[in-house]
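K.L.:
I have a structure I would like to understand better, so I am pasting it below and will then ask my questions one at a time.
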Amino acid sequence: MTNLQVGGDQPAGQHLLEVRDLFVEFHTRDGVAKVINGVSYHLDAGETLAVLGESGSGKSVTAQAIMGILDMPPAKIPKGQIFYNGDDLLKMAENRRRDIRGKDISMIFQDALSALNPVFSVGWQISETLRTRTEMSKDAAMKRAIELMDLVKIPGAKTRVKDYPHQFSGGMRQRVMIAMSLAMDPKVLIADEPTTALDVTVQAQIMDLLADLRRDLNMGMILITHDLGVVADVADRIAVMYAGRIIEHADVHSIYKQPAHPYTRGLLDSIPRLDHKGTELATIKGLPPNLMRLPTGCKYHPRCPYVQKPICVDEEPRSLNLGNGRTSACHFAKEMLDGNLG
Amino acid sequence: MFRYLVRRFLQMILVFIATTFIVYALMYATGGDPIQALAGERPVSPTQRAQLVKEYGLDQPFWKRYLDYLNDLLHGDFGQTLTGRSINDIIAESLPTTAKLAVIAILTTILVGVTAGIIAAIRRGGIFDNSTLILTLIIIGVPTVVLAPVAQLVFTIKLPWFPTTAGEGNLYALLLPGIVLGALSVATAMRLTRTSFSENQRSDYVRTARSKGLPTRRVVGVHILRNSLIPIVTFLGIELGALMAGAIVTEGVFNINGVGFQLARALRTEDTPLVVGIVSVLVIIFLVASLVVDLLYAVLDPRIRYE
Ligand SMILES: Nc1ncnc2c1ncn2[C@@H]1O[C@H](COP(=O)(O)OP(=O)(O)O)[C@@H](O)[C@H]1O
Ligand SMILES: [Mg+2]
């Protein structure tokens, strides 16, 4: 089940951040949900990795495992490594890990209204880490909060710093959250569906802002989304996730040109496109698998239009290395790539 | 916020008028013979009676008597008891004692109930949580009428730790009755705190606070606590009213000269002016308490402050 893209026994430390063969399960009353089943991906400084997949595929859980904010229990990490600058976060003492959290690696969440604390002013929340985790004085921290609000282009930052989250529009709230995540100058920013809760016009503005910030501050960014449409302009590479596993990984250009996994192709075909006006939009049929009772073989086989018995049903495909950093966990990856399927 | 305050204030006045009116009317309707109640066992001659009726305005129509009363109230004059004592004096004498009792009770509720609720929420499903759940269910089922005499028996007679009666009440003597009075709301406060706290623990903003690398004690003690307090403060304010009512029983059992004790006596002797006077004071306290709660609510929750 080991992802070939990075061999399991390869030395750590060649990437800024690297998730290697991660497994996460949730132990609930109804049983054990195997949510993450061998995820591997990596991120280098100054690049954007998009993690793409349907809702429930485990994108957020992976991110929370990186941050170390999973509730354990019910969550359990039976296996896997998460390297940051060569150190395995999962083996670190909690106080060392907390030092990294929010400072080296920070995260923004989908719904800024519920993710911000309703009873504290935005300035208070943005400056909180500066006040409590650095030597900075209260006033200096508040000043820095205003600068950060300016940085994320909140108009009238100075007058709005004492306002509360509910007094902002959705887009402005998301900017507040971004400002908050930048307070400690992180090296890695994980953005978990940062635009999903927003209007379409605002979505583009936030995406642009994130792209600009990533470039100006030279961060690495993991952009989690279920919308292939938003990543094309922003991401360098795409990791497609299905049932807790990266099933395809490639640079943006190659993946749009020729997907190497039937699931990715399904996702691509379901994007509304101007040049396909009038034709019916394809959707992937069926539902994501039940994580308590995962299908045998390829987890995607019950929904796959190209399913071939018995191999797809019996054998879990390994992650095939297709060159140039491309991988695909499909028995017929090469055929997909050559356009010989479907 | 200003409009909110004005609205609240107008509401307060309306509630005050309505409550005093109802109490006044009820006492008026239950009738009895106040003159005879005043005289006790002695016979009253017709001339004496006529004079007393005139003196107390008993020959006036109901509405006139109520308006006179309201007018006096607004001037801070609660009038006289049937025995001719100033009601203002009685209240000034007994209210501080009851206030002390109520403060002890509220502190008990906060220290025991809210703290236990927080611990139970943090250790949800643990031994502490489960045992306090059972304990609170039992306590909720025991009314003050039972709890007060039992506590008196156990802690003043079997174990003579406290004086049996508190009388005018120094603080130490008021401790046991205060705790008994507070015990009434400890259980409810605990359940409420636990619920409010656990709900907030599951909130998205907690995940955000943790992702900022804040230590657990800050996530719990600042982020969660501040949000959980909002419903608890409301509860405590309203509970003050229930405490006043509970004080009638507790003060009776421990023989404390507070307003509850005076009210019980006034009811027994059918002293209408005193009953109405004390109830009016209680209504005022209750109204002020709920106003303070509303203000605190606005202080604690900016979403209300800026509605
Ligand atoms: N605390 C939890 N307890 C049980 N199951 C959970 C918990 N958190 C997430 N899951 C499950 O993990 C799966 C993946 O969730 P998530 O990573 O949030 O998906 P997404 O890709 O949409 O971000 C979902 O099926 C979800 O139900
Ligand atoms: Mg998610």
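The values are calculated or read from the model by the stated rules, or taken from the named source; none is laboratory data. Everything quoted here is computed from the prediction, not taken from an experiment. So basically every Cβ, Gly included, is an ideal-geometry build from the backbone, and we count neighbours across all protein chains shown. When the accessible area is computed, the model is the full protein with side chains, heavy atoms only, and any ligands, DNA or RNA have been set aside. Shrake-Rupley method; radii C 1.70, N 1.55, O 1.52, S 1.80 Å.
K.L.:
What is the distance in Å between the Cα centroid of segment B:179-198 and that of segment B:237-307?
P.N.:
First find each Cα centre; the distance between them is then 19 Å.
K.L.:
How many Å² of accessible area per residue for segment B:87-300, probe 1.4 Å?
P.N.:
With the other protein chains kept in place, segment B:87-300 gives 43 Å² per residue.
K.L.:
Full extension from A:LYS76 to A:ASP233: what is 0.36 nm times the residue separation minus their Cα-Cα distance, to one decimal in nm?
P.N.:
Extra length from A:LYS76 to A:ASP233 when fully extended: 53.0 nm.
K.L.:
What's the Kirkwood radius of chain A in Å, using all Cα pairs?
P.N.:
Here the Kirkwood hydrodynamic radius works out to 21.1 Å.
K.L.:
If each of B:VAL53 and B:LEU67 carries a label point 7 Å out from its Cα toward its Cβ, how far apart are those two points in nm?
P.N.:
2.2 nm
K.L.:
Also, quick follow-up: Leaving out ligands, DNA and RNA, calculate the buried accessible area for the pair B and A with a 1.4 Å probe, summed over both sides, in Å² to the nearest 100.
P.N.:
2300 Å²
K.L.:
Going by a 1.4 Å probe on protein heavy atoms, which residues of segment A:35-72 end up with at least 50 Å² less accessible surface in the whole assembly than in their chain alone?
P.N.:
For segment A:35-72, once contacts with the other chains are taken into account, A:ILE69 lose 50 Å² or more.
K.L.:
Continuing with this model, one more query. With everything on Cα atoms, drop me the angle between helix A:170-182 and the longest principal axis of chain A, reported from 0 to 90° to the nearest 10.
P.N.:
It works out to around 80 degrees.
K.L.:
Could I ask something else about it? Please find the FRET efficiency linking B:THR164 to B:ARG305, where r is the Cβ-Cβ separation and R0 is fixed at 60 Å, and quote it to the nearest 0.05.
P.N.:
FRET efficiency, B:THR164 to B:ARG305: 0.80.
K.L.:
Determine by what factor the alpha-carbon radius of gyration of segment B:208-272 differs from 2.2 N^0.38 Å, reporting the quotient.
P.N.:
Cα Rg divided by the expected 2.2 N^0.38 Å: 2.00.
K.L.:
Please check segment B:257-304 for residues whose accessible area, probe 1.4 Å, is lower by 10 Å² or more when all protein chains are in place than in their chain alone.
P.N.:
Relative to the lone chain, where solvent access is computed with a 1.4 Å probe, segment B:257-304 loses at least 10 Å² at B:PRO302, B:ARG303.
K.L.:
Residues with amide H under 5 Å of A:THR48's amide H, sequence separation 5 or more or different chain, H placed in the peptide plane at 1.01 Å from N; which?
P.N.:
So A:THR48 has HN proximity to A:MET221, A:ASP236, A:ARG237.
K.L.:
If you restrict to DSSP beta bridges whose two residues both lie in the protein assembly as shown, what percentage is antiparallel, to the nearest 5?
P.N.:
Given both bridge residues lie in the protein assembly as shown, the antiparallel proportion sits at roughly 60 percent.
K.L.:
Rounded to whole Hz and in sequence order, give me ³J(HN,Hα) for segment A:129-134 from the Karplus expression 6.51 cos²θ - 1.76 cosθ + 1.60, θ = phi - 60°, writing x for Gly and Pro.
P.N.:
Values, residue by residue: 5, 5, 5, 9, 10, 10 Hz.
K.L.:
With a probe of 1.4 Å, find how much accessible area segment A:1-151 has per residue, and write the answer as a whole number in Å².
P.N.:
Counting only protein heavy atoms, the per-residue value for segment A:1-151 is 41 Å².
K.L.:
OK, next. Report, as a whole number in µm² per second, the diffusion coefficient that Stokes-Einstein gives for the protein assembly as shown at 10 °C and 1.306 mPa s using the Kirkwood radius over alpha carbon pairs.
P.N.:
53 µm²/s
K.L.:
How much of the accessible area of segment A:1-132, probe 1.4 Å, is carbon plus sulfur, in whole percent?
P.N.:
Heavy-atom surface of segment A:1-132 belonging to carbon and sulfur, 1.4 Å probe: 48 percent.
K.L.:
Also: Convert each backbone phi in segment A:254-269 into a coupling constant with the Karplus relation 6.51 cos²θ - 1.76 cosθ + 1.60 (shift: θ = phi - 60°), then list the ³J(HN,Hα) values in order as whole Hz, x for Gly and Pro.
P.N.:
Each residue of segment A:254-269 in turn: 5, 5, 5, 6, 8, x, 10, 9, x, 5, 4, 4, x, 4, 4, 5 Hz.
K.L.:
Now a separate question. Using a cut-off of under 12 Å, list every residue of segment A:183-212 whose amide N is near the label point 7 Å from the Cα of A:LYS153 along the Cα-to-beta-carbon line.
P.N.:
A:202-212
K.L.:
Calculate, for segment A:186-342, the solvent-accessible area per residue in square angstrom, rolling a 1.4 angstrom probe over the heavy atoms of the protein chains.
P.N.:
Using a 1.4 Å probe on heavy atoms only, each residue of segment A:186-342 averages 49 Å².
K.L.:
Got a sec to turn the phi values of segment A:227-243 into Karplus ³J(HN,Hα) couplings, 6.51 cos²θ - 1.76 cosθ + 1.60 with θ = phi - 60°, whole Hz, x for Gly and Pro?
P.N.:
10, 4, x, 7, 8, 3, 7, 9, 8, 8, 10, 10, 10, 9, 10, 9, 6
K.L.:
Please list, or write none, the lysines whose alpha carbon is within less than 16 Å of the alpha carbon of A:LYS158, excluding same-chain residues fewer than 8 places away.
P.N.:
Within the straight-line limit of under 16 Å, A:LYS158 reaches these lysines: A:LYS138, A:LYS143.
K.L.:
Sticking with this structure for a sec: Compare each residue of segment A:100-118 in its chain alone against the assembly with all protein chains, and report those whose accessible area goes down by 20 Å² or more; 1.4 Å probe, heavy atoms.
P.N.:
Checking the loss per residue gives A:ARG101, A:PHE109, A:SER114, A:ALA115, A:ASN117, A:PRO118.
K.L.:
Counting only DSSP beta bridges with both residues in chain A, what percent are antiparallel, rounded to the nearest 5?
P.N.:
60 percent
K.L.:
Mind checking which lysines have their Cα closer than 18 Å to the Cα of A:LYS334? Skip sequence neighbours fewer than 8 apart in that chain.
P.N.:
Within reach: A:LYS257, A:LYS309.
K.L.:
In nm, to one decimal, how far is the modelled label at A:ASN95 from the one at B:TYR28, with both set 7 Å along Cα→Cβ?
P.N.:
7.3 nm
K.L.:
Let me have the 222 nm mean residue ellipticity of chain B computed from DSSP H runs of 4+ only, each contributing -39500 (n - 2.57), with the sum over all residues rounded to the nearest 500.
P.N.:
-24000 deg cm²/dmol
K.L.:
On to the next question. Once you place label points 7 Å from the Cα toward the Cβ at A:ASP208 and A:ASP87, how far apart are they in nm?
P.N.:
Result: 3.9 nm between the two label points.
K.L.:
A further question follows. Assuming R0 = 30 Å, what is the FRET efficiency of A:VAL32 and A:ASP269, from their Cβ-Cβ distance, to the nearest 0.05?
P.N.:
After rounding, the FRET efficiency stands at 0.35.
K.L.:
Quick one: what does P(r) look like for segment B:87-300 with 10 Å bins over all Cα pairs, in whole %?
P.N.:
Whole-percent P(r) values from 0 Å outward: 8, 29, 31, 20, 9, 3, 0.
K.L.:
In whole percent, and with a 1.4 Å probe on the protein chains, what portion of the accessible area of chain B is carbon and sulfur?
P.N.:
69 percent
K.L.:
Additional query: Determine, from the Cβ-Cβ distance of B:LEU111 and B:SER131 and an R0 of 22 Å, the FRET efficiency 1/(1 + (r/R0)^6), rounded to the nearest 0.05.
P.N.:
0.75
K.L.:
Can you give me the relative contact order of segment B:87-300 as a percent, contacts being Cα pairs under 8 Å and 6 or more apart?
P.N.:
Normalised by residue count, the contact order of segment B:87-300 is 29 percent.
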